[in-house]
Amino acid sequence: MAIKNFQGRIRKASKKGFDAPILVSDYMTTKLVTFSPKQSILEVMEQFAKYHISGGPVLDDKGLLVGMISEADCMKQISESRYFNQPILDKSVEKYMSKEVETIAHDISIFDAAGIFDKHHRRRLPVMKEETIVGQISRKDIVIAALKLSGHNWK
């Protein structure tokens, strides 16, 4: 009695490349809430509450990135206004924003971006294409990207 093969025809293995989106530009936010250096801290706090955000880029009149403002920066103003018993209204973003800003390129992988976040301990980074800000990516965006890619082979 002959032995039969129940496996069926063997298909040739196709070498498929990794085709899942893995670039920062695939996961970044492009609809940014931006701020100006002359804007008041009170306006910034109102924007934070309105749009449920915790920070954003500060752009000059030409649209160039000059800093980042965050809730932590606003906490400095709140603390100082209480200490000196002054209203929050008249202080500008320029005084409290972070002027030395780490940025990230739009065309790097989310894996490299994760390393940058780990190294710089930031919650969000402006995404740049040459000298132009094209978006923003956060730690949460990187985590979401990793979850979407978890079913793929990361080799």
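Quick look at the values:
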read-out	value
Output for region 18-67, where each listed residue is among the aromatic types (Phe, Trp, Tyr) and either farther than 16 Å from SER98 by Cα or loosely packed, with under 13 Cβ neighbours inside 10 Å (or both)	PHE18, TYR27, PHE48, TYR51
Residue match in region 36-49 (condition: modelled with pLDDT of 95 or more, under 18 Å from GLU130 (Cα atoms) and either assigned to a loop (DSSP other than H, G, I, E, B) or not hydrophobic (A, V, I, L, M, F, W, C) (or both))	no
Residue list for region 106-135, filter: part of a helix (DSSP H, G or I), buried (at least 17 other Cβ atoms within 10 Å of the Cβ) and touching a residue at least 24 places away in the same chain (Cβ under 8 Å)	ILE110, ALA113, PHE117
Search result, residues across region 136-148 that are touching a Phe, Trp or Tyr at 6+ places or on another chain (Cβ under 8 Å) and either in a loop (DSSP other than H, G, I, E, B) or touching a residue at least 24 places away in the same chain (Cβ under 8 Å) (or both)	ILE137, ASP141, ILE142, ILE144, ALA145
Lone unmet requirement of (1) under 18 Å from VAL44 (Cα atoms); (2) modelled with pLDDT of 95 or more for LYS91	(2)
Any hit, region 65-78, residues being at pLDDT below 95, under 30 Å from LEU149 (Cβ atoms) and assigned to a helix (DSSP H, G or I)	yes
So ASP60, is it modelled with pLDDT of 90 or more and closer than 23 Å to ILE144 by Cα	no
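The values are calculated or read from the model by the stated rules, or taken from the named source; none is laboratory data. Note that this is a predicted model, so its numbers are computed, not measured. Please note: Cβ atoms are built from the backbone with ideal geometry, for glycine as well, and neighbour counts cover all protein chains shown.
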